Each structure stands twice: as C-alpha cells, then as structure tokens.
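The values are calculated or read from the model by the stated rules, or taken from the named source; none is laboratory data. Just so we're clear, the structure is a prediction, and the values are computed from it rather than from any experiment. Positions of Cβ are backbone-derived with ideal geometry, glycine not excepted, and every protein chain shown enters the neighbour counts.
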There are 2 protein chains.
Amino acid sequence: MAVKFGKWDIHEYEIFWKGVLSYAMVNTKPIVKNHLLVCPFRVVQSFCDLNKDELSELTFAVSRITRSLGPCSVAIQDGREAGQTVPHVHFHIIPRPETGIVEVDSNAKQRTAEEMSEESSHLKSFINFS
Amino acid sequence: MAVKFGKWDIHEYEIFWKGVLSYAMVNTKPIVKNHLLVCPFRVVQSFCDLNKDELSELTFAVSRITRSLGPCSVAIQDGREAGQTVPHVHFHIIPRPETGIVEVDSNAKQRTAEEMSEESSHLKSFINFS
C-alpha cells in the first residue's frame, strides 16, 4: 500500500510506526528534535472527517509516543486558517525541554534521507507501543 | 458526581457537554471567543494516562466541536514544561478566524458566571454531537 501524506508519497524510512489505520513519521523540516507527525492512512483533511476507529488508533499512538518522549506539545492545525499546510489531518508531537523553552529552528532545511532514516530507526527501538 | 478540573470544582453552568467518561466546558479566561476545553472526568495529569475508552470519547467530542466551529487549533500541553498549568489532561480548542490571525487577549480577566453560562447555553444548542 502506498503511504500518502496529502499529495506526497512517504518513504518507508520516514515511518517509525504503522498501525491498521494510521502511521507515525519523522518530519522533513522539524522545528525541534523529534518533532513527529501522526496521521491516518486515509487522506482526509479535517479532524472531524476521522471515524471512531481512526481516532482511537491515532490517539493511542500519540499516547504511546508522548509516554516515551516525556513533556510534549501536541497540536492539530485543523484548517488552512489554523496554519494547516498539508490537507491531510495530522497530529504534531513537539517535545519540550525541561526548561520549557523551545528553541525553534524556523529556517530548517529539508533533511536528507539518511538523517530521517537514522531518527526513524532510533524511534522504532525507543518508543514502546505496547 | 462532582466534576473536577484538577483541584477545581467545575460548575454545571460552565459545562456544555457531558459524555460517559469526559466533558467539555467553556473557559474562565479564554484567549479568544469560544476557546473551549475538553477533558476526562477522571483526574489524570498526562495524555498517556488516559485509557482507550477515555481517548475515544474525548477525541470524538473534539471532532464534533471542531465540525461545528470550523477551523481550529487543537492543542494539548502535556506536562508542566509544555505549559500545562492544571495537572488534569485537557484539549484546548481555539477557533481561528478566516484571516488566520488570532487576536489573543493575553490579559483576559476571570469571567462572570453569567458570561460563562450564556456561552455554555449557546454551545449546547449550537454544537451537534450526534
């Protein structure tokens, strides 16, 4: 099955978890280290388009990721007016340091496949989804 | 059953929706109009403490609220370092105007019971939870 994120094809090396209805991936332009995305396989724009099974699995994945990562901001930009740039509903998971101060890299460049693959492999071994 | 939000007692007039495991309320100090909160009845601090049934019902409520309100930012501050001030996990729902620009009232005062009751009554009639 091709894995889509909006109109984009997502490579296997970007994905660190797959469920039945949803998946989690690293970010091509993370604003902080381990800025991750969780979304449904089904390409739907809005949070309200998700069915109950998708909601349940998606949020369970978010729960397990935040349990492993520690303090996080979890955010959904639901609609273009809310800053959504890819019309495919997704949770952002943004780890927060102990200081609470996030040093955001707003000029982040597109990362290489090697960089994303390395982070994804680490997350696969690090995050406990059970 | 007393409805708690962390150590706080929440009045009936603040609540516009109750499920089996969770509820939705207006905000005492909203940063924008209709800045709402959704949380479990059970007082737990972290997103990862929620069980599957709580996650399912909570996110279904968020889905129905955003369907009615239109474009929204949906956010969870998971942990003190992420800006969580009440140690009781909750979703913020923050409507976004068509311009995408939110005029945040960062000096919002505690609202009166009448103001909150009025908003809550409107939301009860406005938001379709079916």
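Brief remarks on what is shown
- Number of positions in segment A:47-78 that are at pLDDT 95 or above, farther than 23 Å from residue B:79 by Cα and within 7 Å of another protein chain (Cβ to nearest Cβ): 3
- The sole residue among A:50, A:69 that is surrounded by 19 or more Cβ atoms within 10 Å (Cβ to Cβ), farther than 20 Å from residue B:93 by Cβ and of a type outside the set (Lys, Arg) is A:69.
- Filtered residues of segment A:6-26 (kept if within 21 Å of residue A:122 (Cβ to Cβ) and either surrounded by fewer than 20 Cβ atoms within 10 Å (Cβ to Cβ) or without any contact (Cβ under 8 Å) to a residue 40 or more places away in the chain (or both)): A:10, A:11, A:12, A:13, A:15, A:17, A:18, A:19, A:22, A:23
- Segment A:84-97: number of residues that are facing chain B (nearest Cβ under 7 Å) and either crowded, with 16+ Cβ neighbours inside 10 Å or touching a helix residue (DSSP H, G or I) at 6+ places or on another chain (Cβ under 6 Å) (or both): 1
- Among residues of segment B:112-130 that are closer than 16 Å to residue B:38 by Cα, those with a Cβ under 8 angstrom from a residue that is of a type in the set (Ser, Thr, Tyr) and assigned to a helix (DSSP H, G or I), sequence gap 6+ or separate chain, pair up as B:116/B:13; B:120/B:13; B:127/B:68; B:128/B:68.
- Hey, residue B:36 touching a residue at least 12 places away in the same chain (Cβ under 8 Å) and facing chain A (nearest Cβ under 9 Å) or not: no
- Single unsatisfied condition, residue A:43 versus (1) in contact (Cβ under 8 Å) with a residue 40 or more places away in the chain; (2) surrounded by 20 or more Cβ atoms within 10 Å (Cβ to Cβ); (3) away from every other protein chain (no Cβ under 13 Å): (2)
- For segment B:105-128, the candidate set comprises residues that are surrounded by 10 or more Cβ atoms within 10 Å (Cβ to Cβ) and basic (Lys, Arg); within that set, the residue that is nearest to residue B:69 (Cα to Cα) is B:124.
- Applying the criterion of at least 1 residues that are charged (D, E, K, R) to the strands (runs of 3 or more DSSP E) found wholly in segment A:15-130 leaves A:15-18, A:72-78.
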